[in-house]
Each structure stands twice: as structure tokens, then as C-alpha cells.
Protein chains: 2
Amino acid sequence: MAEASSRIMVAVNESSIKGYPNPSISSKGAFEWTIEKIVRHNVTAFDLLFLHVQVPDEDGFDDMDSIYASPEDFKHLNQRNRISGAHLLEYFVNRCHEIGVRCQAWTKLGDPKEVICHEVKRVQPDFLVVGSRGLGPFQKVFVGTVSEFCVKHCECPVITIKRKANETPQDPIDD
Amino acid sequence: MAEASSRIMVAVNESSIKGYPNPSISSKGAFEWTIEKIVRHNVTAFDLLFLHVQVPDEDGFDDMDSIYASPEDFKHLNQRNRISGAHLLEYFVNRCHEIGVRCQAWTKLGDPKEVICHEVKRVQPDFLVVGSRGLGPFQKVFVGTVSEFCVKHCECPVITIKRKANETPQDPIDD
């Protein structure tokens with residue numbers, strides 16, 4: 001068999017409770033699950049690709065393509081980098097560094113579900129991991145779910161990791 | 001980190017074209033994907049659990065719980081075992097044996113989507129892999145899809161592996 005590594009894309013976003021730049025409970029959960037169940041058995045055999053999609057706001061900054069692959073890369077962040085989500089990615093890149101798994105991380109601007117599928121097409125990972133808040137049908141009507149869209153539309157296998165019941169905030173819409 | 005293995009359940013079914021006991025294109029695809037992308041990096045770190053759900057027919061045989069874990073276990077199959085799907089499981093157990101990955105395989109009678117979710121609850125694998133024919137919305141109306149039901153209702157993360165375009169038979173309903 002070939003010895004190429006498996007490339008796992010992980011879509012991450014920020015917490016709506018703790019505020020920027022903390023990762024959401026569900027993206028942290030999805031990442032830790034991937035490490036524990038798949039990657040830790042052979043850390044050198046996998047590449048983690050972190051994608052953070054930011055929804056454009058009034059600040060009107062441009063789309064950017066900075067790529068981060070080691071804790072060093074975050075040393076000289078400027079204001080623009082901070083706004084663009086680099087600090088959120090720093091969390092995941094640092095964790096990968098501790099564990100010893102290769103990674104890359106980048107941000108994109110746009111509608112998360114559309115951008116994730118677009119990046120899957122461009123980067124062609126072996127599979128995509130997305131966290132999900134595990135909302136009921138009533139709550140979904142109001143917030144939609146990125147994970148369900150990805151399962152249906154992304155051009156690679158998708159695994160959805162639901163937030164644990166004991167990690168659900170008082171209002172499950174929060175994350 | 002703990003050194004427990006990761007337990008991957010793979011739901012498999014028979015081919016509707018080649019006839020019993022051949023595995024369907026999509027279950028073969030789901031199995032080979034799991035090996036190539038996840039398991040082969042460290043075969044001793046994973047346990048594969050094969051579940052074949054048979055739809056009850058007029059033969060009226062009982063639910064059975066035989067478990068197969070090595071090629072030896074298939075040597076003395078009787079007619080009842082053959083009917084009950086053991087030969088289908090033999091394919092996957094033999095492949096695991098060649099690759100050197102631990103496995104277990106068993107059959108259950110019932111409605112595949114209901115039984116798969118029930119077995120997930122009972123066995124508690126780390127995740128479930130299901131193959132899918134990748135049918136369009138029009139075709140789905142008539143045949144339903146087990147994979148979509150599992151993604152929604154099973155109590156563990158589920159990864160759906162779509163059949164490759166170049167392996168799709170003339171009528172995509174076939175498998």
C-alpha cells in the first residue's frame with residue numbers, strides 16, 4: 001500500500017459565549033475526537049488542515065490566505081491578522097504541535113457552508129470533520145446547520161461530531 | 001493518552017446485481033476507504049465490527065447472533081448460516097485477515113436502518129461507516145436511503161462513503 005498520509009480537514013469556528021478568539025465547544029470537540037479516535041494511533045500518518053470561515057462584517061477587510069503551520073507563525077500577528085481569525089487558529093496549531101501532528105491552518109471570508117464546500121473542492125482532503133451543536137428540529141429552523149449542508153454537498157466524506165450533552169450550554173444555540 | 005483501540009462499525013450489505021453472497025459495490029467501497037484512509041496507518045490500533053442486516057423474507061428463519069472473527073469460523077457453514085448472510089461476512093473477515101486487522105462480524109434480521117441504529121446503541125462503536133449509492137433526490141424518493149437515516153439517528157458519529165462515479169452501474173439503483 002502507498003505510504004501517503006491521510007489529509008483530514010477540520011472546519012472550526014469561534015465561541016459565541018466566551019467570545020473571540022476562543023474556539024467553540026463543538027469545534028474543540030470535533031478536533032479532540034479526531035485526535036483521540038483516529039490520529040493518535042499514528043500521528044505521523046495524518047495531516048490536519050484547519051479551515052476557519054469568517055462571516056464578513058462591517059469592518060470590510062479583504063479576503064486573506066495566510067497559512068499557519070507552527071506556533072512560530074503566530075508570533076508577529078498584527079491587528080489585521082487578529083481580526084481575521086488567526087488567534088482562533090493558533091489554538092489548534094498549538095495543540096497539534098504539542099501532540100506532534102503536522103498541520104496547516106487558514107482563514108477564508110464568506111458564508112461558512114459555501115466556503116467549506118468550495119475549499120474541499122480546492123484542497124481535496126480525504127475527509128472533512130465538522131462539529132455540530134446537535135440542535136433539535138425546532139431550533140434548526142432558526143439557525144440552520146452548516147454540518148448538514150456539508151454532509152449533503154461537500155465532495156468528500158464528512159463526519160459530524162455532535163457536542164456532548166454535558167457540554168451543552170443553558171441555551172443550546174450558544175456554543 | 002489511553003491505548004485502547006478505536007472501534008469502527010461498518011454496515012455491509014449484498015450486491016443487487018451480482019447476487020448473493022457478493023458484497024455491494026458501496027459496502028466494498030466503504031470498507032476499502034476505511035482501510036486505506038484510516039486503518040492501514042496502524043492496523044493494530046483499530047477493531048472493525050461488521051454488521052450485516054438482512055431483511056426478513058418468506059423463509060421465516062429466526063434472528064441469529066453468530067459472530068465471526070477469523071476465516072476459520074466460516075469452515076463449517078450449514079444451509080442456515082448461508083441463508084443468514086455468513087458468506088457475505090466471510091468476504092470482509094478474509095480481507096481483514098489478509099491486512100492483519102482485528103475484526104468481528106455478525107448478522108441481524110430486520111429493517112436495516114432501525115437495526116443499525118439499535119446495534120450502535122448496544123455495541124457503542126467509536127464511529128460508524130456506511131456506504132451510499134449517491135442517488136439523486138428523484139431516485140431517493142423511491143428507495144429511501146439507509147445512510148441518511150443513520151447520520152440523523154445513530155448515537156455515534158457516522159461517515160458516509162459515496163460510491164465512485166466510475167463504479168456506478170447503468171441503473172444507479174443497482175449496487
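With A:Val146, A:Val120 as the choices, which residue is within 14 Å of chain B (Cβ to nearest Cβ) and either in contact with a Cys (Cβ under 8 Å, 6 or more places away or on another chain) or open to solvent by 30 Å² or more (accessible area, probe 1.4 Å) (or both)?
A:Val120
Taking the stretch B:9-33, which residues are away from chain A (no Cβ under 11 Å), open to solvent by less than 20 Å² (accessible area, probe 1.4 Å) and not in a strand (DSSP E or B)?
Listed by number, the residues that qualify are B:Ser15, B:Ser24, B:Ser26, B:Ser27, B:Phe31.
Just to be sure I understand the filter: pairs with C-beta atoms under 8 Å, separated by 6 or more residues or on different chains, first member in the stretch B:15-27 and at negative phi, second member open to solvent by 60 Å² or more (accessible area, probe 1.4 Å) and at pLDDT below 80. Which pairs pass?
B:Pro21/B:Arg82
If I ask for residues that are facing chain B (nearest Cβ under 7 Å) and over 18 Å from B:Pro157 (Cα atoms), which ones from the stretch A:34-45 would you list?
Scanning the stretch A:34-45 gives A:His41, A:Asn42, A:Ala45.
The values are calculated or read from the model by the stated rules, or taken from the named source; none is laboratory data. On a predicted model such as this, the values are computed, not experimentally measured, just so you know. Cβ atoms come from the backbone with ideal geometry, glycine included; neighbour counts cover every protein chain shown. When the accessible area is computed, the model is the full protein with side chains, heavy atoms only, and any ligands, DNA or RNA have been set aside. Shrake-Rupley method; radii C 1.70, N 1.55, O 1.52, S 1.80 Å.
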